[in-house]
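Worksheet: one structure, shown below.
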Amino acid sequence: MTMLCQLSLMEIRDRLAKGELSAEDVTRSCLTQIERTEPRINALLSRRDDDALEEAKTLDRRGPDSSRPLWGIPLTLKDSLVTKDMPTTAASRMLENFTPCYDAFVVKRLREAGAIILGKANMDEFAMGSSTEFSAFGPSKNPWDITRVPGGSSGGSAASVAAYQCFASLGSDTGGSIRQPAAFCGCVGLKPTYGRVSRYGGIALASSLDQIGPLARSVEDCALVLSVIAGHDPRDATSSPLPVDNYVAALKAKNDLKGIRIGLPKEFLTNGLSEEMESACRDALDLAKQLGAEIVAVSLPLTHLATAVYYIIVMAEASSNLARFDGVRYGRRAEGVQELEELYVRTRSEAFGEEVKRRIMLGTYVLSSGYYEAYYKKAAQVRRLIQQNFETAFTQCDIVCGPVSPLTAWHLGEQDQDPLSLYLRDVYTLPVNLAGLPGLSLPVRLGTQSRMPTALQLIGRPFGEAALLSAAHVLQTALPQLGSPPAAA
Ligand code: GLN
């Protein structure tokens, strides 16, 4: 029997609007599913079952409201998005007991649209990582195989969507943290163009790269959530004043890919790409061709530099952003301290995890006088060239495509001793953040060897979300469905 929580966001929304279902029914279905699946997948760091139910009942008492596009829809949020009166930890001991006094811009938008927040999703500490194993509160598990990671850093968000705990979630993506966990869990994940969604109230990792975006089970559901959270916000200086397209309407515009040129960069077919991932991407492109797309060969010649450039920038900016966690203003404070310096040192030594400390130290080093020119400045220059690579590619095609990750989800514990090899696995997602472009992860099928979800990445022009979502929707409609993950049953 299909549970309500397994339906798509769009279908639930229609049935709520018609009054066929109550917000309470829908919320209860998700809460029951959370209760059943959480012990196995550990997707959530905090829950608010009673408050969520109360909110649903309040909505029901007033009746459906067609002016609120997410009326009665239960969602989860990555725990790096600040939420009024709900804990926000960024999966760090540093913020273990932190309850913000305001909502992030995107959270405010969701609430105004009528969404019900069920809880906060697990992640790698301060969004540093790609497996959720760097969470200070234990890893999440992949609902397709609980011995494997859900990806990261927004792994809890992806796992909660895949396991039908909610209809969509928000994550953040600095170098792949929405797209890669979406790919590992068989969901759709969209990193919007830099500036499309306000980061006000998002706990920053690297300010020149971070974007907030949706994860959901279909392209359509992502389009709807994006339409709610996109738009200008004067409180984020990088937020764009460009008007927001109608992403949901854009999906109805086409039912084939005629006239669309999809560029496949030759550099994307190397870099340790596994055979099952390569064959999944090739088959998805064959399907795109049958649907009318033209596949063109393009080149992003500086792809081999993206990982080095990204990790210099992300560490430099993280070291600067995380300087605010000093034991004085937010979260944790070391006890029994005599002097100010000791307060800083002890608080930060006790509360940050190993990966966070590694990045703060390396980031401080590359920003220090004498090294700034050689590292940070050089990285910023090469970043501009990587951006230009994409600009050139987009003169030959409308969408650039490739894998999201060289591998499907790996086993928990597999990479414990080797952070560098983890960094190298981000090679397909990082260039998109360096160039500020929108990127979408689309599930293709279960891999021929691992039987874990595989995915295709579609990358659009700046602010080209409507075209990107439209093409992804056509492709998703033609692709076979993945079915349900075992841990969600
Ligand atoms: N895996 C990348 C990193 O560790 C990306 C993280 C992210 O996008 N937040 O930095």
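If you scan the stretch 123-141, which residues turn out to be within 16 Å of the ligand (Cβ to nearest atom), farther than 21 Å from LEU407 by Cβ and part of a loop (DSSP other than H, G, I, E, B)?
Across the stretch 123-141, the qualifying residue is only ALA136.
Can you name the number of the only condition in (1) within 25 Å of GLU35 (Cβ to Cβ); (2) more than 10 Å from the chain's Cα centre (by Cα); (3) among the small types (Gly, Ala, Ser); (4) within 16 Å of the ligand (Cβ to nearest atom) that SER157 fails?
Unmet for SER157, out of (1) within 25 Å of GLU35 (Cβ to Cβ); (2) more than 10 Å from the chain's Cα centre (by Cα); (3) among the small types (Gly, Ala, Ser); (4) within 16 Å of the ligand (Cβ to nearest atom): (2).
Among the listed residues THR76, THR58, which satisfies the condition of being under 13 Å from SER46 (Cβ atoms), of a type in the set (S, T, N, Q) and not in a loop (DSSP other than H, G, I, E, B)?
Matching residue, one of THR76, THR58: THR76.
So which residues in the stretch 60-91 are open to solvent by 10 Å² or more (accessible area, probe 1.4 Å) and among the charged types (D, E, K, R), if there are any at all?
ASP60, ARG61, ARG62, ASP65, ARG68, LYS84, ASP85, listed by residue number.
All but one of (1) more than 30 Å from ALA288 (Cα to Cα); (2) away from the ligand (no atom under 16 Å from the Cβ) hold for PHE394; which doesn't?
(1)
Going through the stretch 367-391 one residue at a time, which ones are open to solvent by 60 Å² or more (accessible area, probe 1.4 Å), among the hydroxyl-bearing types (Ser, Thr, Tyr) and touching a residue at least 60 places away in the same chain (Cβ under 8 Å)?
TYR375
Using the structure shown, decide if LEU224 is in contact with a strand residue (DSSP E or B) (Cβ under 9 Å, 6 or more places away or on another chain), open to solvent by less than 40 Å² (accessible area, probe 1.4 Å), within 16 Å of the ligand (Cβ to nearest atom) and of a type in the set (A, V, I, L, M, F, W, C).
Considered against the rule, which asks whether it is in contact with a strand residue (DSSP E or B) (Cβ under 9 Å, 6 or more places away or on another chain), open to solvent by less than 40 Å² (accessible area, probe 1.4 Å), within 16 Å of the ligand (Cβ to nearest atom) and of a type in the set (A, V, I, L, M, F, W, C), LEU224 comes out as no.
Looking only at residues in the stretch 154-189 that are in a loop (DSSP other than H, G, I, E, B) and hydroxyl-bearing (Ser, Thr, Tyr), which one is surrounded by the fewest Cβ atoms within 10 Å (Cβ to Cβ)?
As a first pass, look at the stretch 154-189 and keep what is in a loop (DSSP other than H, G, I, E, B): 154, 163-167, 174-178, 186-187.
Narrowing the set further to residues that are hydroxyl-bearing (Ser, Thr, Tyr) leaves 154, 164, 174, 177.
Numbers: SER154: 40, TYR164: 25, THR174: 28, SER177: 36.
Filtering the stretch 154-189 for residues that are in a loop (DSSP other than H, G, I, E, B) and hydroxyl-bearing (Ser, Thr, Tyr), the one surrounded by the fewest Cβ atoms within 10 Å (Cβ to Cβ) comes out as TYR164.
Looking at GLY213, GLY175, GLY263, which is the one that is in contact with a helix residue (DSSP H, G or I) (Cβ under 6 Å, 6 or more places away or on another chain), within 13 Å of the ligand (Cβ to nearest atom) and within 30 Å of GLY447 (Cα to Cα)?
The conditions single out GLY175.
Being more than 22 Å from ALA379 (Cα to Cα) and in contact (Cβ under 8 Å) with a residue 24 or more places away in the chain is the filter here; which residues of the stretch 291-326 pass it?
LEU291, GLY292, ALA293, GLU294, ILE295, VAL296, ALA297, VAL298, PHE325
Looking at the structure I just gave you, is SER218 open to solvent by 10 Å² or more (accessible area, probe 1.4 Å), out of contact with any Ser or Thr (no Cβ under 9 Å at 6 or more places or on another chain) and modelled with pLDDT of 95 or more?
Values: open to solvent by 10 Å² or more (accessible area, probe 1.4 Å): yes; out of contact with any Ser or Thr (no Cβ under 9 Å at 6 or more places or on another chain): no; modelled with pLDDT of 95 or more: yes.
No: the conditions fail for SER218.
Condition first: in contact (Cβ under 8 Å) with a residue 60 or more places away in the chain and assigned to a loop (DSSP other than H, G, I, E, B). Now tell me which residues in the stretch 92-114 satisfy that.
Within the stretch 92-114, SER92, GLU96, ASN97, PHE98, PRO100, TYR102, ASP103, ALA104, ALA113 meet the criteria.
When the residues of the stretch 190-200 are filtered to those that are open to solvent by less than 10 Å² (accessible area, probe 1.4 Å) and assigned to a loop (DSSP other than H, G, I, E, B), which remaining residue is nearest to the ligand (Cβ to nearest atom)?
So, considering only residues that are open to solvent by less than 10 Å² (accessible area, probe 1.4 Å) and assigned to a loop (DSSP other than H, G, I, E, B), the one nearest to the ligand (Cβ to nearest atom) is PRO192.
Within the stretch 415-435, can you find the residues that are within 11 Å of the ligand (Cβ to nearest atom), closer than 17 Å to PRO265 by Cα and outside any loop (DSSP other than H, G, I, E, B)?
Listed by number, the residues that qualify are LEU430, VAL432, ASN433.
Could you list, in sequence order, the residues of the stretch 398-408 that are farther than 30 Å from GLY259 by Cα and either within 14 Å of the ligand (Cβ to nearest atom) or not in a loop (DSSP other than H, G, I, E, B) (or both)? Spell out how you get there, then give the answer.
Pass one, the stretch 398-408, residues farther than 30 Å from GLY259 by Cα: 407-408.
Scanning the stretch 398-408 gives a single hit, LEU407.
Of all residues in the stretch 104-150, count the ones that are under 17 Å from ALA162 (Cβ atoms) and either at pLDDT below 95 or open to solvent by 10 Å² or more (accessible area, probe 1.4 Å) (or both).
7
The values are calculated or read from the model by the stated rules, or taken from the named source; none is laboratory data. Bear in mind the structure is a predicted one, so any value in this text is a computation, not a measurement. Reconstructed Cβ throughout: ideal geometry from the backbone, glycine too, with neighbour counts over all protein chains shown. Each accessible area value is taken on the protein alone, full model and side chains, heavy atoms only, with ligands, DNA and RNA left out. Shrake-Rupley method; radii C 1.70, N 1.55, O 1.52, S 1.80 Å.
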